[in-house]
Amino acid sequence: MRRLIEAKVVNPLLGDAVALPDYATPGAAGIDLRACIDAPVTLEPQERRLFPTGIAINIQDPGLVAIVASRSGLSLKHGIRVAQGCGVVDADYHGEIGVILANDGSEAYVVEPGARIAQLLFMPVVQVAFRYVDAFSSETERGEGGFGHTGTL
């Protein structure tokens, strides 16, 4: 069963020259976000750029967050990824969703109008409150070990 989320077209290209965001297959976890641009944009090696998607959403539930994630094919074949790892669209944000793309490749990449540039996933949120302490109330075997502490990658 799909949960309904309000969506608003904020760029007239969306739904006309650029397809509306949708799932590519029935089993897909992410909705494809497209570059809502009217002309090709070249992303040079090591460059980052913000791309509009033409859509805003109203999640209406602080127990949900929308995550903007990279598309695996773009990353593997061209070195194109969501620049900050993943983007967060908070439940109370009503502006246009933007995708910051980074080109980690050695060649320029041309983003065409309507190209699928990222995917949007919805996930549950758990908000916490910190209780600051001088020492933790329990210990683990790992403790403070991290960043290769086991000696293997």
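The values are calculated or read from the model by the stated rules, or taken from the named source; none is laboratory data. Just so we're clear, the structure is a prediction, and the values are computed from it rather than from any experiment. When we count neighbours, we look across all protein chains shown, and the Cβ atoms used for this are built from the backbone with ideal geometry, even at glycine.
Here are a few things to note about the model shown:
- Number of positions in the range 124-145 that are surrounded by 10 or more Cβ atoms within 10 Å (Cβ to Cβ) and touching a residue at least 24 places away in the same chain (Cβ under 8 Å): 1
- Exactly one residue out of Val41, Val9, Val68 is crowded, with 18+ Cβ neighbours inside 10 Å and β-branched (Val, Ile, Thr): that is Val68.
- Test result for Leu101, loosely packed, with under 15 Cβ neighbours inside 10 Å, of a type in the set (A, V, I, L, M), touching a residue at least 12 places away in the same chain (Cβ under 8 Å) and under 29 Å from Val126 (Cα atoms): no
- Gly73 vs. criteria outside any strand (DSSP E or B), on the phi > 0 side of the Ramachandran plot and loosely packed, with under 13 Cβ neighbours inside 10 Å: no
- Residue count for the range 12-31 satisfying the condition of being surrounded by 14 or more Cβ atoms within 10 Å (Cβ to Cβ) and in contact with a Leu (Cβ under 8 Å, 6 or more places away or on another chain): 5.
- Residues in the range 26-49 that are closer than 16 Å to Ala108 by Cα and assigned to a strand (DSSP E or B): Val41, Thr42, Leu43, Arg48, Arg49.
- From Ala118, Ala19, residue being among the small types (Gly, Ala, Ser) and in contact with a helix residue (DSSP H, G or I) (Cβ under 9 Å, 6 or more places away or on another chain): Ala118
- Note on the range 36-88: among residues that are under 24 Å from Phe122 (Cβ atoms) and charged (D, E, K, R), the one that is modelled with the lowest pLDDT is Asp61.
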